[in-house]
Amino acid sequence: MKPTATADSRTSLSADDWAEAALDAIAVGGMDAVAVEPLARGLGVTKGSFYWHFQNRDALLRAALQLWERQQVDTLLSRIDPAASPYERIVSLFKAANMSVRDGRLYLAIAAAADNPTVQAFVQRLSERWISYLDESYRALGYAGPRARQWALFAFATFMGNLQVRRDTPQMMPEGQDFSDYVKLMIKTLIPREARGQGAEEEDDHPHVVPMRRPGS
């Protein structure tokens, strides 16, 4: 017997499809934009498809946050060669985390909803995972204890600040060669040279800086 259209709609979309649609909605309208009926219309299915996968909106929200965490940490870190030097790992992380406008808006929208206990747990865990990875990398560069933690926090705070500027005042972000120069300055400031002794003065020359491209260029 041929499945009905309703059955097809239930089985043709996965839970991750719904979670991805929820993330798209959050990037545009924040957490309040996660609503079953508008998402169903956007996906071209009925609400029955939603209830095939989720008990309620909170279950969808948790699935979306889990997908977001996989995308933002597990997938990005899996692309970084574990055999690379600590310096190269940090540079690769900055390149991988140089988010699209959509991903940047999504990150900030989720962080802004951290007063929700469910969201707070995800935001806190994701931030801790990024900072811990940076902390380990700075330790591998020769910075110990509190000093490595300071570098990690400084790098993470700079990353978050860039997202904020890109979202709120995108016209302030430089273009073309100016953007390349800005990124070089950021990496020069945030990533000490491997060969430099701890506590040495910053050098004007930083030959190991890896060029980065502006998203979409």
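The values are calculated or read from the model by the stated rules, or taken from the named source; none is laboratory data. Because the structure is predicted, anything quoted here is derived from the model rather than measured. Cβ sites come from the backbone with ideal geometry, for glycine too, and all protein chains shown count toward neighbours. These area figures cover heavy atoms from the full protein model, side chains too; ligands, DNA and RNA do not enter into them. Shrake-Rupley method; radii C 1.70, N 1.55, O 1.52, S 1.80 Å.
Things worth noting here:
- In terms of packing, defined here as the mean over residues of other Cβ atoms within 10 angstrom, the peptides 33-42, 78-87 line up highest first as 33-42, 78-87.
- Under Karplus coefficients 6.51, -1.76 and 1.60, residue-wise ³J(HN,Hα) of the stretch 36-50 in Hz, glycine/proline x: 4, 4, x, 5, 4, 4, x, 8, x, 10, 8, 5, x, 4, 4
- Percent of Cα-Cα distances greater than 27 Å, calculated over the stretch 65-190: 19 percent
- Placing unit charges on each Cβ (+1 for Lys and Arg, -1 for Asp and Glu) gives the stretch 65-190 a dipole about its Cα centre, and among Ala157, Val73, Ala140 the Cα reaching farthest toward its positive end belongs to Ala140.
- Linear extension gain, Glu175 paired with Ala144, 0.36 nm per residue minus alpha-carbon span: 7.5 nm
- Only protein heavy atoms count here; under a 1.4 Å probe, Arg70 has an accessible surface of about 90 Å².
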